[in-house]
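Comments concern the structure below.
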Amino acid sequence: MSEASGSRAFSDEDKRVLAGVLDDIIPPSPDGRMPGAGEIGLAGFIDDALRAAPELRAMVLQSLSALDALARRRTSQAFAALPRADQAALINELASSEDAVPPVLILHAYAGYYQHPKVVAALGLEPRPPHPKGYEMAPDDFSLLDPVRRRPRLTRPC
């Protein structure tokens, strides 16, 4: 695994394979309310997140390549073209090999998923950053500081 493989951008095929893996990590809800991690396009988020860690990026790229190669050997089809059940079986098979998808991918999948506007909206939240609009806060009660103000001074004047 060379550093060059860890620094190259995800190809379109890598992104298609990654989408299937992400949908295996966070599948869509049966009622369709919550999208799957792959179907909302988290591959770009993962690609950007792994730029800071070329070794991890190379591991993920190796796993994606191995998964697609395994699919082509078993079915003579690309991984992304297979039904979800077949994809899940291949991911499980790859999990016991040296090319298993690294667990760090799960961390990045969840981080990107719960920031995605479609997911935030599906959770019933307003899909926006909390600031500058912010959240409502009760007015400050400065009378709570009165006991401190009544204490004698503890430091000498300068």
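All of the numbers you see were taken from the coordinates with simple rules; none came from a lab. Computed from a predicted structure; not experimentally measured. Note that we place each Cβ from the backbone using ideal geometry, even for glycine, and neighbour counts take in every protein chain shown.
Quick notes on this one:
- With neighbours defined as other Cβ atoms within 10 Å of a residue's Cβ, the residues Lys133, Lys15, Lys118 order from fewest to most as Lys133, Lys118, Lys15.
- Sites Gln77 and Leu125 - FRET efficiency at Förster radius 35 Å, r taken between beta-carbons, to 0.05: 0.35
- Backbone HN-Hα couplings from phi across the stretch 145-158 [Karplus 6.51/-1.76/1.60, Hz, Gly and Pro as x]: 8, 4, x, 5, 5, 7, 5, x, 4, 9, 10, 8, x, 9
- Helix-derived mean residue ellipticity, 222 nm - over the chain, DSSP H n ≥ 4, -39500 (n - 2.57), to 500: -15000 deg cm²/dmol
- Assuming charge only on the beta carbon of Lys and Arg (+1) and of Asp and Glu (-1), the dipole of the chain about its Cα centre is about 840 debye to the nearest 20.
- Folded to 0 to 90 degrees: helix 84-94 orientation relative to the chain principal axis, Cα: 90
- Axis of helix 12-25 versus longest Cα principal axis of the chain: the two differ by about 70°, to the nearest ten degrees.
- Dipole of the chain, positive direction: furthest Cα of Leu70, His116, Gly20, with charges on the beta-carbon: His116
- The gain in end-to-end length when the Glu39 to Ala69 segment is fully stretched comes to 8.6 nm, 0.36 nm per residue minus the alpha carbon separation.
- With each label modelled as a point 7 angstrom along the Cα→C-beta vector, the Arg51-Gln115 pair spans 1.3 nm.
- Sites counted here are GluC sites (Glu not before Pro) in a DSSP loop (not H, G, I, E or B) having no more than 10 other Cβ atoms within 10 Å; the longest part of the chain that contains none of them is 1-97.
- Rough spin-label spacing in nm, given labels placed 7 Å along Cα→Cβ, for Arg149 and Ala85: 7.2
- Cα pair distances in the chain, grouped into 10 Å bins until the bin that holds the longest one, percent each: 10, 31, 24, 11, 7, 8, 7, 2, 0
- Sorted largest first, extent of the stretch 53-119 alpha carbons per principal axis (Å): 36, 29, 17
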